């Protein structure tokens, strides 16, 4: 017995082609039916294989057109000319440079010494009498002292450098 006949519209095509499919399957009493053969014909007399080939050509054509558009844009772009600025120095003298170096070194050393002092304080307070923690706190406190000593001696070192340079 030949029973099933379907008609389907293809919505994504511009002309909404209609396709008719017919399945032929044997019917045996009590046995499950299985599809043995399927026939599809187009109702607009255009072979289906031709439409599929056009569908794969379109994305390739769009890709090539996009690449050509980008190439044309890049070739037509003009190069920008930057204005040249000549900066010789931002400071007036060597003395000012050495003063800036002194200020930076003092700031960095004082900040690090403060960090070590804070670590020493926290280790001492949270040590709970542990000899290892107390020793670590003492080491951090010594490091903080060395940092503050370095920050305080930086102006002396810079003055010696100024004497060598002649500033």
Discussion item. So for the range 116-124 (the condition being modelled with pLDDT under 90 and over 43 Å from the mean Cα position of the chain (by Cα)), does at least one residue qualify?
Written reply: no
Practice prompt. Look through the range 143-165, keep the residues that are free of Cβ contacts under 8 Å to residues at least 12 places away in the same chain and farther than 23 Å from residue 116 by Cβ, and return whichever of them is surrounded by the fewest Cβ atoms within 10 Å (Cβ to Cβ).
Written response: 164
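Taking only the range 73-94 into account, find how many residues are loosely packed, with under 10 Cβ neighbours inside 10 Å and either closer than 30 Å to residue 166 by Cα or modelled with pLDDT of 75 or more (or both). Give the steps one after another, and end with the answer.
Initial filter on the range 73-94 (loosely packed, with under 10 Cβ neighbours inside 10 Å): 73-90, 92.
Keeping just the survivors that are either closer than 30 Å to residue 166 by Cα or modelled with pLDDT of 75 or more (or both) gives 73-76, 84, 86-90, 92.
So the answer is 11.
The values are calculated or read from the model by the stated rules, or taken from the named source; none is laboratory data. All values reported here derive from a predicted model rather than from experimental measurement. Cβ coordinates were reconstructed from backbone atoms using ideal geometry, including for glycine residues, and neighbour counts include every protein chain displayed.
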